[in-house]
Amino acid sequence: MFKPISTSDHDRYDQACDQAIAMCDGNMRSAIKALLLVNEYLEAEVEELQAMSPNSAPILSKAKGAA
């Protein structure tokens with residue numbers, strides 16, 4: 001179920017976005033690509049950790065390109 005984000009979360013997300021864009025010299029496309037790569041890496045790491053856990057539930061993978 002969708003839960004609306006609080007104002008403090010919204011501010012935190014805005015700050016994180018600003019920081020990511022600044023780290024990419026103001027290039028928003030590069031910031032988005034970097035965040036997508038990090039997310040992909042973290043998803044692979046979660047899958048690897050779940051595979052090592054004997055009691056883990058299988059991951060329901062999303063279709064590639066679905067956002």
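Any read-out appearing in this document is the output of simple, stated calculations on the displayed coordinates, not a laboratory observation. It should be emphasised that the depicted structure is a prediction, and the values quoted were computed from it without experimental measurement. Neighbour counts are summed over all protein chains in view; Cβ atoms, including those assigned to glycine, are modelled from backbone coordinates with ideal geometry.
Numerical summary
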| read-out | value |
| --- | --- |
| Peptides ranked, highest mean first, by Cβ atoms within 10 Å: ranges 47-55, 19-27 | 19-27, 47-55 |
| Sorted peptide list for 8-17, 30-39, criterion being average Cβ within 10 angstrom, highest first | 30-39, 8-17 |
